[in-house]
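Visitor: Mind having a look at this structure? Questions to follow.
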């Protein structure tokens, strides 16, 4: 069984993770950049709202841990999918199995590291 054939078995899961990565990257990361990059420097957001203790308290909560894990892991899957299709578009379709396997392996390892980091909080 070729690597490309194995990837086809996981294609629905990969597309799900890719879609969630787009949602996280488009909605949550944009909101975070708005708050941290614009509203906080302008003084609209109170400085204590972005304090370390408050962020740790949020990340230590089970729901907050899921959110932090999602923010860390899901964009990796989006990026892996984009890398795979970038190489396909550039004419390396014959290496799709290898490129896909490597890019999704990197996303998997990054997701596992994110899980370990969130659990250690």
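Visitor: For each of 16, 87, count neighbouring Cβ atoms within 10 Å of the residue's Cβ, then give the residues from fewest to most.
Guide: The fewest-first ordering by Cβ neighbours comes to 16, 87.
Visitor: Can you give me the C-alpha center-to-center distance between segment 70-121 and segment 13-49, rounded to a whole angstrom?
Guide: Taking the Cα centre of each part, segment 70-121 and segment 13-49 sit 20 Å apart.
Visitor: I need to check one value: relative contact order of the chain, counting alpha carbon pairs closer than 8 Å and at least 6 residues apart, in percent.
Guide: 37 percent
Visitor: For a test of the definition: using alpha carbon positions, the gyration tensor, and the 1.5 limit on a/c, classify the chain as rounded, prolate or oblate.
Guide: Because a/c hits 1.5 or more and a/b exceeds b/c, the chain counts as prolate.
Visitor: While we're on this one: Can you tell me which of 46-57, 110-121, 66-77 comes out highest on packing, and rank the rest after it, using the mean Cβ neighbours within 10 Å?
Guide: Highest-to-lowest ranking by the protection proxy: 66-77, 110-121, 46-57.
Any read-out appearing in this document is the output of simple, stated calculations on the displayed coordinates, not a laboratory observation. Here the structure is a predicted model, which means the values were calculated and not measured. We place every Cβ from the backbone using ideal geometry, glycine too, and count neighbours over all the protein chains shown.
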